[in-house]
Amino acid sequence: MLTESSDAVDGVPVRYAARPTSTSDVADVLRHTAAENLAVVARGSGSKLSWGRPPERADVLLDLSGLTGIVDHAAGDLVLRVRAGTPMSTVVDTLAPAGQRLALATRLAGQRGPLGGTVGGTIAANPPGPLRYAYGMVRDLLIGVTVVRADGAVAHSGGAVVKNVAGYDLGKLLCGSLGTLGIVTEAVFRLHPTPESTAVVAKTVGSGDEATRLAVAIRHSQVAPSGVELNWTGSGGTIAVLVEGVAGGIEARTDALVGLLGGDAEITALPDWWHEPVAGNTILRAAVAPTGLGALLDAMPDSAVARGCAGLGTVHIGLINPSADLIVTLRKVAQAHDGTVWVEQAPAAVRQAVDSFGPVPALSLMRRVKRQFDPDRRLSPGRFVGGI
Amino acid sequence: MTPRLSAVGQTLRDRLGAQRIVDDPTELETYACDGLANIRVRPGLVVLAENAADVAAAVGACADAGVPFVARGSGTGLSGGALPHAEGVLIVTARMRKIVAVDPDDGCAVVQPGVINLDVTRAAAPYGLHYAPDPSSQQICSIGGNVAENSGGAHCLKYGFTAHHVTGCSVVTPDGEQVRLGGRAAEYPGYDLLGAFIGSEGTLGITTEVTVRLTRDAESVRTLLAGFESTDDAGAAVSAIIGDGVVPAAIEMMDALAIEAAEAAVGCGYPAGAGAVLVVEIDGPLAEVEHTFAAVQEHCRACGAFEIRVAADDNERTLIWRGRKSAFAAVGRISPNYIVQDGVIPRTALPEVLRAMTELSAASGVRVANVFHAGDGNLHPLVLFDGRVEGAEERAEEVSGAILDLCIAHGGSITGEHGVGVDKAKHMPRMFTDDDLDTMQLVRCAFDPAGICNPGKVFPTPRLCGEVPRVHHAEETTPAEIF
Ligand SMILES: Cc1cc2nc3c(=O)[nH]c(=O)nc-3n(C[C@H](O)[C@H](O)[C@H](O)COP(=O)(O)OP(=O)(O)OC[C@H]3O[C@@H](n4cnc5c(N)ncnc54)[C@H](O)[C@@H]3O)c2cc1C
Ligand SMILES: Cc1cc2nc3c(=O)[nH]c(=O)nc-3n(C[C@H](O)[C@H](O)[C@H](O)COP(=O)(O)OP(=O)(O)OC[C@H]3O[C@@H](n4cnc5c(N)ncnc54)[C@H](O)[C@@H]3O)c2cc1C
């Protein structure tokens, strides 16, 4: 079940590895590790093992890359059941011929940005995609989940129907939990039809205030975009709006948008930065009330880059060796707009100088949830908010 | 009244004033049930909360004394979620009706939990915005109840449920503490406790303030009514529309019996002789809607619609919806009693399940009227009976239960929007294993270790929260925040 390993997780050495290929395999491993008091860190494709804080210990690396496969694509019901180790690219390739998509995992014509990772890693890391403006995050599309608990028990919640209020929604709790609550082995997603036609309108913006104003104008318009993305470099940037729909309807909407944005707004190809990760050795994630985004952008140093959803007030900020003071300052600006800034990825020196997550409301309740699910702290201990 | 409960009553009279406390037996009786009127329990005591501090005081007093409590909004729930506890406190949030803020630029509103669903939309209307989740009870149900039930409505096919439109809740936890889950921003670090709280049917605490997302009113809305010979044909049209990549704002179906009832009640003038009707609504940008709406009509015709009526204006649109919206109550015209069932199936199983239901009805002699959200497979069979006939209610209950079996057998759910409450707790093991239910209850134990918050709901057997090792984890610390 376990083999010796000299691997490491975010610099923390691993003793054993396991590569289960079924939910019951995962349950076996977790029962065993529970009996032996071994800490377990899950790995999908391993692309985001440095998100959050390094685990305190990582005795067993649970490699889920063998737990793959589409279990069921119910095209007529727009529902997909898939195993957790399945690459997101497989999901895209499976759905495309049926004219459907998982609104998280889309590859638009011209897009270079990430589509890596596995289904389970995407749920646990909860990365925001550009379509979130219209379709939300993982939590909004995940309708059912199978999870193996720290003690090896297997549990399901939700199901394979879009509408369902029977029991608690464990899927939402697992989204963004960075492997600290349970191991996801299977997921059921709600799908959407792939739109017939797509167009992008882009405009340069000269200030944070202008970016906010345009995002508000779009919110109040009838354009109904799928994405309202911002690329910010230093003291200015570009706003790019994705419009999707039927071929016959799209022109009227993009024309309206060009008029609404004014200035140099024009219909363009998908910009090359669309869904590209920001550069920098430190990546911050920020979310504020939408009208607070301008203030946050204006507080950033000229060397910073930011990318994300201007429409919702969520961005990734890329920096190189930022001071703790800078992070704390940005955090304060965000807090003034009912949001916060947290460290997604950073060199050890930065992570030691500043709390990665900052003050988290309801932290004590989160601790209580963790203690119920994993009382011995064996699932990625120390990785999450408040050292959970 | 138990000594503990009377002590809680005394404490709360002192702290909140006697006028917020109801203890007169006749008055208490008016709170004995919610929309599921056949199950009644007179509450031990009722607290009429005016603000979050009142709620915290009431919950705190209950927690100190180990007395159970139940939240209640408008009391329109259909699963007995707000059914009181005989030796407990019913905390009513219906008076907390302030709309704290409407902020069109952030696209949100902040409201107290007693605010009526439709009033949020009314407050947002001047800005061309609305609150998307629209349960049929939207003129009377409260936002707090909506949060607890994760309520949806006819338009959630396209727009989603309460969980997709609430970004923050202030909550009094079962130990009396006030916490804030979420806020105006789209996400926050940490576990998504808000996501767990929404839809937890009042078992994880009481919400005292809710931040909701507001949705832009669509530029154009087109509505049609299509008459079909049979539910099979109507079901085929639903599949054809969805299969074509259309996401309508709503697709609702009514069968012949439901049409008959609606006709008797409101004279909606639906196509004569129809075995089924569909109400299909398309909304969005004008150019988009025109194109899609034409395609929808094509599909209806191709699947055998013998009459299609397109609403020419708002009046005609209201008329089309009137039949659908009145259907539940209208069934009272054709049957003295009925059970409202709520189950979900994958929508591709619609024709098969409807046929099986017809057979079930024929075999048992119990009439079943169907009116439902066809687009997302959420069935609302109305099982008719005459309570004066001996054994009729039991037979109706049996048929109603057999319908849930059909839903489960087709991979569906025992509830799509009305919740589990007390009504369906016994059915939960048909859908979930012991480990599933046990795991869900870990969340409950985290929020409510003493088991005093709406006990007896959702889960057939409560988990003993027991002693999780509460050792202090010295290593569970964070580097100091630098300010
Ligand atoms: C919509 C979208 C947006 C994206 N945006 C970005 C972006 O902005 N920048 C960027 O760099 N990348 C982005 N990506 C890539 C994405 O971040 C990764 O693909 C994904 O988050 C991690 O997948 P992984 O399999 O590599 O996970 P890993 O790196 O292997 O794991 C990530 C975390 O999840 C845990 N984990 C993994 N599998 C499980 C499981 N089955 N159960 C429980 N816990 C588990 C791990 O322990 C770890 O904490 C995006 C992807 C999508 C779909
Ligand atoms: C004619 C009719 C049509 C309906 N149509 C629909 C429909 O289309 N879609 C739908 O989803 N539902 C529908 N319902 C059901 C019902 O209206 C909803 O469940 C609604 O959300 C209940 O709100 P309420 O304020 O009446 O809550 P209540 O019935 O008072 O309570 C419901 C639950 O919420 C809890 N609760 C109440 N307030 C709070 C609070 N502040 N904090 C925490 N928990 C709280 C209660 O404890 C209880 O468990 C319908 C009901 C009727 C009578």
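The values are calculated or read from the model by the stated rules, or taken from the named source; none is laboratory data. All values derive from a computational prediction rather than experimental measurement. Please note: Cβ atoms are built from the backbone with ideal geometry, for glycine as well, and neighbour counts cover all protein chains shown. Note: areas computed on protein heavy atoms with side chains; ligands, DNA, RNA excluded. Shrake-Rupley method; radii C 1.70, N 1.55, O 1.52, S 1.80 Å.
Just give me the residues in the stretch B:346-393 being acidic (D, E) and surrounded by fewer than 22 Cβ atoms within 10 Å (Cβ to Cβ), in sequence order.
Quick first cut of the stretch B:346-393, residues acidic (D, E) only: B:352, B:359, B:376, B:386, B:390, B:393.
Passing the criteria: B:E352, B:E359, B:D386, B:E390, B:E393.
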Review point. Of the conditions (1) buried (at least 23 other Cβ atoms within 10 Å of the Cβ); (2) modelled with pLDDT of 95 or more; (3) within 10 Å of ligand 1 (Cβ to nearest atom); (4) within 19 Å of A:V188 (Cβ to Cβ), A:L104 fails just one. Which one is it?
Key: (2)
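Pick from the stretch A:160-173 the residues that are under 15 Å from A:G120 (Cα atoms) and open to solvent by less than 10 Å² (accessible area, probe 1.4 Å): which of them is farthest from the other protein chains (Cβ to nearest Cβ)?
From the stretch A:160-173, those under 15 Å from A:G120 (Cα atoms) are A:170-173; that's our starting set.
Right, trim to open to solvent by less than 10 Å² (accessible area, probe 1.4 Å) and you get A:170-171, A:173.
Numbers: A:L170: 7, A:G171: 8, A:L173: 5 Å.
In this case the residue turns out to be A:G171.
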Check your understanding: Is it true that some residue in the stretch A:130-151 is touching a Lys or Arg at 6+ places or on another chain (Cβ under 7 Å), in contact (Cβ under 8 Å) with a residue 24 or more places away in the chain and over 27 Å from B:V458 (Cα atoms)?
Key -> no
Review point. For the stretch A:157-187, how many residues are farther than 22 Å from B:T162 by Cα and not in a loop (DSSP other than H, G, I, E, B)?
Key: 4
Revision key, fill the gap. Result of the Cβ filter at 7 Å on the stretch A:109-128, keeping first residues that are farther than 20 Å from A:T146 by Cα and partners that are of a type in the set (S, T, N, Q), at least 6 apart or interchain, is A:L115/A:S89; A:G116/A:S45; A:G116/A:S47; A:P128/A:T314
**Study point:** Lone unmet requirement of (1) open to solvent by 20 Å² or more (accessible area, probe 1.4 Å); (2) within 13 Å of chain B (Cβ to nearest Cβ); (3) of a type in the set (A, V, I, L, M); (4) over 30 Å from A:G52 (Cβ atoms) for A:L214
**Key:** (1)
Review point. Name the residues in the stretch A:320-340 that are facing chain B (nearest Cβ under 9 Å) and surrounded by fewer than 20 Cβ atoms within 10 Å (Cβ to Cβ), would you?
Key: A:A324, A:D325, A:V328, A:K332
Study note, to complete from the structure: When every residue in the stretch A:217-244 that is touching a Ser or Thr at 6+ places or on another chain (Cβ under 6 Å) and within 13 Å of another protein chain (Cβ to nearest Cβ) is compared, the one most open to solvent (accessible area, probe 1.4 Å) is A:E244
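If you go through the stretch B:361-386 one residue at a time, how many are away from chain A (no Cβ under 14 Å) and either in contact (Cβ under 8 Å) with a residue 24 or more places away in the chain or touching a Ser or Thr at 6+ places or on another chain (Cβ under 7 Å) (or both)? Before the answer, list the steps.
Going through the stretch B:361-386, the residues away from chain A (no Cβ under 14 Å) turn out to be B:361-371, B:381-386.
Imposing the further condition that a residue be either in contact (Cβ under 8 Å) with a residue 24 or more places away in the chain or touching a Ser or Thr at 6+ places or on another chain (Cβ under 7 Å) (or both) reduces the set to B:361, B:364-371, B:381-386.
Total satisfying the criteria: 15.
Might you let me know whether the stretch B:19-28 holds any residue that is at pLDDT 95 or above, over 18 Å from B:E177 (Cα atoms) and either within 13 Å of ligand 2 (Cβ to nearest atom) or in contact with a His (Cβ under 7 Å, 6 or more places away or on another chain) (or both)?
First pass over the stretch B:19-28, keeping only residues at pLDDT 95 or above: B:19-28.
If we keep only those that are over 18 Å from B:E177 (Cα atoms) too, we end up with B:19-28.
Checking which are either within 13 Å of ligand 2 (Cβ to nearest atom) or in contact with a His (Cβ under 7 Å, 6 or more places away or on another chain) (or both) leaves us with none.
Checked against the condition, which is being at pLDDT 95 or above, over 18 Å from B:E177 (Cα atoms) and either within 13 Å of ligand 2 (Cβ to nearest atom) or in contact with a His (Cβ under 7 Å, 6 or more places away or on another chain) (or both), the stretch B:19-28 yields no hits at all.
For the stretch A:341-362, enumerate the residues that are at the interface with chain B (Cβ under 7 Å from one of its Cβ atoms) and under 19 Å from B:Y188 (Cα atoms).
From the stretch A:341-362, those at the interface with chain B (Cβ under 7 Å from one of its Cβ atoms) are A:342, A:352, A:354-355, A:357-362; that's our starting set.
A:W342, A:V354, A:D355, A:F357, A:G358, A:P359, A:V360, A:P361, A:A362, listed by residue number.
Report the residue count in the stretch A:1-14 for those that are assigned to a strand (DSSP E or B) and either over 25 Å from the mean Cα position of the chain (by Cα) or over 26 Å from A:P347 (Cα atoms) (or both). Walk me through how you get there before you give the answer.
Here is the first cut: in the stretch A:1-14, the ones assigned to a strand (DSSP E or B) are A:3-4, A:8-9, A:12-13.
Next, from what is left, pick out any that are either over 25 Å from the mean Cα position of the chain (by Cα) or over 26 Å from A:P347 (Cα atoms) (or both): A:3-4, A:13.
Here the count works out to 3.
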Review point. Hey, among the residues in the stretch A:107-133 that are more than 15 Å from the chain's Cα centre (by Cα) and of a type in the set (A, V, I, L, M, F, W, C), which one's farthest from ligand 1 (Cβ to nearest atom)?
Key: A:A109
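For the stretch B:245-266, how many residues are in contact (Cβ under 8 Å) with a residue 60 or more places away in the chain, small (G, A, S) and in a helix (DSSP H, G or I)? Walk me through how you get there before you give the answer.
Residues of the stretch B:245-266 that are in contact (Cβ under 8 Å) with a residue 60 or more places away in the chain, as a first pass: B:247-255, B:257-266.
Subsequent filtering for residues that are small (G, A, S) retains B:249-250, B:258, B:261-262, B:264-265.
Filter once more, keeping what is in a helix (DSSP H, G or I): B:258, B:261-262, B:264-265.
Total satisfying the criteria: 5.
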**Study point:** Residue list for the stretch B:104-143, filter: without any contact (Cβ under 8 Å) to a residue 40 or more places away in the chain, in contact with a His (Cβ under 6 Å, 6 or more places away or on another chain) and either near ligand 2 (Cβ under 9 Å from one of its atoms) or not hydroxyl-bearing (S, T, Y) (or both)
**Key:** B:P133, B:D134
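So, B:E219, is that one more than 21 Å from the chain's Cα centre (by Cα), open to solvent by 10 Å² or more (accessible area, probe 1.4 Å), closer than 24 Å to B:D105 by Cβ and within 16 Å of ligand 1 (Cβ to nearest atom) or not?
On the way: more than 21 Å from the chain's Cα centre (by Cα): yes; open to solvent by 10 Å² or more (accessible area, probe 1.4 Å): yes; closer than 24 Å to B:D105 by Cβ: yes; within 16 Å of ligand 1 (Cβ to nearest atom): no.
Against the criterion (more than 21 Å from the chain's Cα centre (by Cα), open to solvent by 10 Å² or more (accessible area, probe 1.4 Å), closer than 24 Å to B:D105 by Cβ and within 16 Å of ligand 1 (Cβ to nearest atom)), B:E219 does not qualify.
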Exercise for review: Might you check whether a residue that is touching a Ser or Thr at 6+ places or on another chain (Cβ under 8 Å), farther than 26 Å from A:E344 by Cβ, open to solvent by 10 Å² or more (accessible area, probe 1.4 Å) and small (G, A, S) occurs anywhere in the stretch A:144-159?
Suggested key: yes
Check your understanding: Which residue, of A:L293, A:L270, A:L260, is more than 9 Å from every other protein chain (Cβ to nearest Cβ), within 16 Å of ligand 1 (Cβ to nearest atom) and touching a residue at least 12 places away in the same chain (Cβ under 8 Å)?
Key -> A:L270
Exercise for review: Count, please, the residues in the stretch A:85-99 that happen to be open to solvent by less than 20 Å² (accessible area, probe 1.4 Å) and more than 15 Å from the chain's Cα centre (by Cα).
Suggested key: 4
Check your understanding: For the stretch B:164-244, which fully contained strands (runs of 3 or more DSSP E) count at least 1 residues that are among the hydrophobic types (A, V, I, L, M, F, W, C) and under 30 Å from B:H291 (Cβ atoms)?
Key -> B:220-228
Check your understanding: Tell me, which residue of the stretch A:48-69 that is basic (K, R) and either more than 9 Å from ligand 1 (Cβ to nearest atom) or more than 20 Å from A:P127 (Cα to Cα) (or both) is surrounded by the fewest Cβ atoms within 10 Å (Cβ to Cβ)?
Key -> A:R57
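Go through the stretch A:178-201 and report how many residues are away from chain B (no Cβ under 12 Å) and small (G, A, S).
3
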Study note, to complete from the structure: Note on A:V148: of the conditions (1) closer than 15 Å to A:A84 by Cβ; (2) more than 7 Å from chain B (Cβ to nearest Cβ); (3) away from ligand 1 (no atom under 12 Å from the Cβ), unmet is (3)
Revision key, fill the gap. Expected output for the stretch B:411-424 (first residue more than 7 Å from chain A (Cβ to nearest Cβ) and within 9 Å of B:E149 (Cα to Cα), partner more than 16 Å from ligand 1 (Cβ to nearest atom) and of a type in the set (D, E), Cβ below 6 Å, 6+ apart or cross-chain) is B:H418/B:D342
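To keep it simple, each residue is scored yes or no on (1) among the polar types (S, T, N, Q); (2) more than 16 Å from ligand 2 (Cβ to nearest atom); (3) modelled with pLDDT of 95 or more.
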{"position": "B:G205", "(1), (2), (3)": "no, no, yes"}
{"position": "B:G227", "(1), (2), (3)": "no, yes, yes"}
{"position": "B:E263", "(1), (2), (3)": "no, yes, no"}
{"position": "B:G304", "(1), (2), (3)": "no, yes, yes"}
Revision key, fill the gap. By residue number, the members of the stretch B:36-58 that are crowded, with 19+ Cβ neighbours inside 10 Å and at pLDDT below 95 are B:L36
